[in-house]
Amino acid sequence: MRESNLTLAIASSGCDGFHIIVVTLGEKIIHRDGLFVDRADNRRQFIDDLVRKLPAITDGAEVSPDEVDAQLIALASKASSQVTRQSPRKFGSVPPGTKVQAGAPDNIGDAKSEPFPVDLLPSVVRQYVVEGAEARAADPSIVALPVLVTLAACIGMTRRIAPKKDWTAPAILWGAVVARSGSVKSVGYDLAHELLKPSEDVNHRDHLAAKDTFRLAEMEHRKAVSLWSKSKDEGEPPEPPEPPIAKRLVVDDQTVESLAPLLAENPRGLFLLADELRGWFDGMGAYSSSSRSGGGRDEARWLALFEGRSFNVDRKTNRERIYISEAGVSVAGTIQPGTLTGVVCGGQVESGLLARLLLVMPEPRAKKWTDTEMTETTQLAMQRVIDQLKALEHNIADEAPKAIILPLTNEAKQRFIRFVNSHGAETITHGDALAAAWSKLEGYALRFALVVHLAKWASGAPDCKSDGPVGIESIEAGIELSRWFANEAERVYGRIGVTPETGEDGNDRHVARLAEWLQSKGGSATEREIARGPRRYRGEENAQHIKNDCSVLVDAGDAHWDVSRKTRRIVLLDAGDPGDGDAWVENAGKQADVSPNRRPSVTTDPATLAWENGDTCAEQTDKIKQVSPSPVVSPPSTSSERVRVTI
């Protein structure tokens, strides 16, 4: 027996403590994998893989797992002090696309497409979205939406978020990229598929092997039954073998009856990932006016799957009843504008189906070649997040899987309450179509917060636990994502001919949101604090918005200026509440409506009125990184650790 040394070295590093570790024995690389070193379960998996592999490479080799674990931690600690970053790059700034063809409605359809707020995403996810979009010269929103739905699908029905005991929301998202053919609309679909394909391939191979084992067991069972029938044994006949379960996540069959047995076998839920969603709508009778087609029944069942409710199907083929206490299916894909218009004509607005569908419709751009590629570090880090989320498990109650409920922290709950009040005031000002979308986007804020929280947990964030609670940063991200998708829904609905009957202009909405934000800051703020808070007011070019919107509040009697020698603060007035029980944001909108002549002139530029001007917490600005943490390549000679191995 002799002793030798394994060398552990960092090949490259990403964000949130993700490192690709290379293990060499002598001059031979024997193991290479990426992991979040701060996560004990990631280190344990890395070490288990190494320990299993080592004897096959060098006969009789042994290594101490504890020593490898210690050296992994030491290696990451050294690397953290050596990390360098590239020059800051602001996320979400993408080259302007070509103009949309003429023919869109004049009111909302001509609104500018706002950059997707990638800074709200957890850092590993953000890096994946940005690099994926850059590598394919695509708009980040085309990548972000399918990736968000993929994260939600991996969580599935294992978790719910609860702002209060009688209100829970599952991690189920439905999203569609709306674009013409030839406009790189499938980029996000391809990236989502790449993330899930490895595990789906493993599940398929395992199922084929299980089917072979089952066939052999069936043969043995038939022999045993034959012997039992020939004998005079009065006991029970031999038990038949259990057929194998097809463990899976991704499906492409789009009828409820075909999904029912798969949902029964996969209680964490399924993911309908389709390059074209027309078949999904067709299956619900989107292009059929006949009620005998069964489209209406399928649509009602899909709406239940969106909510994660109980699911009951009586199959026509064998009259079998399938019942699942909690079932959910996330949906992502692409759809062409003309097809979506057909959906609108087919009644999916009235049913609420369209309201549940998150939409992105970036300005079309010409396809261009780019040499940019996604880094291996980013790919592996995102794959780790996916694997971590897919490992989440249910609670088991009464022999049935039940979702684990994640509450909100008190601070997060108070922030969500203010959002609900503000959002509700906005909802009632819209016509039927947008009001329906607004009502669903309220719940989407919770779903986004749940996905963000668990994605951060999967990335190793120490302040995020898989069983909660969900904190203020995640709920802020959820609210802002919901508002971005609200703006996008308003824009897309205009493009496809769903004409909203608006009773509130964009400026009233901004004033109401400013009042909501001021409430979250204790009822007052300086102009400088406002400039660091809501998106609408950031940057010197938006200073006039602060003056205009604050003046509306003051002129309406809802606030006053508290002036000192060095600064002035706008303060919401308790005395200004008319006593009607409305929230400040509701009264702000009402006062603005009854006093139009007292309102200062404000810009009507569509870009200014877009959702980029929505709000966020001031503290969030400091916490959320607006620059890309670039991968760092560290030569093994400058950052490595040695572990003794006995051969």
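The values are calculated or read from the model by the stated rules, or taken from the named source; none is laboratory data. This is a predicted model, so every value here is computed, not measured. Backbone-built Cβ (ideal geometry, glycine too); neighbour counts: all protein chains shown. Note: accessible area is taken over every heavy atom of the protein model, side chains too, but ligands, DNA and RNA are not part of it. Shrake-Rupley method; radii C 1.70, N 1.55, O 1.52, S 1.80 Å.
Can you give the extra length, in nm with one decimal, that the chain gains between ILE29 and ASP314 once fully stretched, where that is 0.36 nm per residue apart less the Cα-Cα distance? Kindly include the intermediate steps, with their values, before the conclusion.
On the way: separation 285, 0.36 × 285 = 102.60 nm, distance 5.60 nm.
That works out to 97.0 nm of additional length.
Would you pull out the residues with amide H under 5 Å of LEU573's amide H, same chain only if 5 or more places away, H placed 1.01 Å from N?
ALA559, HIS560
So which GluC sites (Glu not before Pro) in segment 320-410 end up in coil per DSSP with only 12 or fewer other C-beta atoms within 10 Å? Before the final figure, lay out each step's value.
Working: sites: GLU320, GLU326, GLU350, GLU373, GLU376, GLU393, GLU399; in loops: GLU320, GLU326, GLU373, GLU393, GLU399.
Those that pass, being in a loop and sparsely packed, are GLU320, GLU373, GLU393, GLU399.
Counting pairwise Cα distances across segment 202-264, what percent come out greater than 16 angstrom?
On the way: 1189 of 1953 pairs.
Of the Cα pairs, 61 percent sit more than 16 Å apart.
Can you tell me which of 257-268, 119-130 comes out highest on packing, and rank the rest after it, using the mean Cβ neighbours within 10 Å?
On the way: 257-268: 18.2, 119-130: 25.1.
The packing order, highest mean first, is 119-130, 257-268.
Residue-wise, which Karplus ³J(HN,Hα) couplings in Hz belong to segment 6-15, taking 6.51 cos²θ - 1.76 cosθ + 1.60, θ = phi - 60°, and x for glycine or proline?
8, 10, 9, 9, 8, 7, 7, 10, x, 8
DSSP loop (so not H, G, I, E, B), at most 12 other Cβ within 10 Å: list which trypsin sites (Lys or Arg not before Pro) in segment 146-213 pass both filters. Please report the intermediate quantities before stating the final value.
Values: sites: ARG159, ARG160, LYS164, LYS165, ARG180, LYS185, ARG205, LYS211; in loops: LYS165, ARG180, LYS185.
In loop regions of segment 146-213 (DSSP not H, G, I, E or B), the sparsely surrounded trypsin sites (Lys or Arg not before Pro) are LYS165, ARG180.
Could you list which residues have their amide H under 5 Å from that of ILE404, counting only those 5 or more apart in sequence or on another chain, with H placed in the peptide plane?
Placed amide hydrogens put ARG159, ARG160, ASN395 under 5 Å from ILE404.
Leaving out ligands and nucleic acids, note down the accessible area per residue over segment 504-570 with a 1.4 angstrom probe, in whole Å². Mind dumping the intermediate values first?
Numbers: 2910 Å² over 67 residues.
It amounts to 43 Å² per residue over segment 504-570.
Taking just the alpha carbons, could you work out the radius of gyration and Dmax for segment 337-468, both in angstroms?
19.8, 56
By what distance, in whole Å, do the Cα atoms of segment 128-217 stretch along each of the three principal axes, largest value first?
In descending order, the Cα extents are 52, 44, 23 Å.
So which trypsin sites (Lys or Arg not before Pro) in segment 416-510 are both in a DSSP loop and have at most 15 other Cβ atoms within 10 Å of their Cβ? Mind showing how you got there, number by number?
Numbers: sites: ARG418, LYS440, ARG447, LYS456, LYS465, ARG483, ARG491, ARG495, ARG509; in loops: LYS465.
Answer in residue order: LYS465.
Hey, which of these cross-link pairs are over 31 Å Cα-Cα: LYS367/LYS465; LYS440/LYS547; LYS197/LYS465; LYS164/LYS566; LYS367/LYS390; LYS247/LYS465? Kindly include the intermediate steps, with their values, before the conclusion.
Details: LYS367/LYS465 42 Å; LYS440/LYS547 33 Å; LYS197/LYS465 27 Å; LYS164/LYS566 43 Å; LYS367/LYS390 34 Å; LYS247/LYS465 26 Å.
Flagged as over cut-off: LYS367/LYS465; LYS440/LYS547; LYS164/LYS566; LYS367/LYS390.
Compute the orientation-averaged projected area for segment 3-79 from the convex hull of its Cα atoms and round it to one decimal in nm². Please report the intermediate quantities before stating the final value.
Numbers: hull surface 19.0 nm².
For segment 3-79, averaging the hull's shadow over all directions gives 4.8 nm².
Along segment 201-211, what does the Karplus equation 6.51 cos²θ - 1.76 cosθ + 1.60 (θ = phi - 60°) give for ³J(HN,Hα), rounded to whole Hz, x for Gly and Pro?
5, 5, 4, 5, 5, 4, 5, 4, 5, 5, 5
Net charge near VAL225, counting Lys/Arg +1 and Asp/Glu -1 over other residues with Cβ under 12 Å of its Cβ? Display every interim value, and only then the final one.
On the way: positive: ARG222, LYS223, LYS230; negative: GLU218, GLU220, ASP233, GLU236, GLU239.
So the surrounding residues net to -2.
Keeping all protein chains in position, work out how much accessible area TYR444 exposes to a 1.4 Å probe, and write it in Å² to the nearest 10.
0
Amide H neighbours of ARG248 under 5 Å, at least 5 residues apart or on other chains, H built in the peptide plane: list them.
Long-range HN contacts for ARG248: none found.
Per residue of segment 218-233, what does 6.51 cos²θ - 1.76 cosθ + 1.60 with θ = phi - 60° give for ³J(HN,Hα)? Whole Hz please, x for Gly and Pro, Karplus curve as stated.
Running phi through 6.51 cos²θ - 1.76 cosθ + 1.60 with θ = phi - 60° gives 5, 4, 5, 5, 4, 5, 5, 5, 4, 5, 5, 5, 7, 7, 9, 5 Hz.
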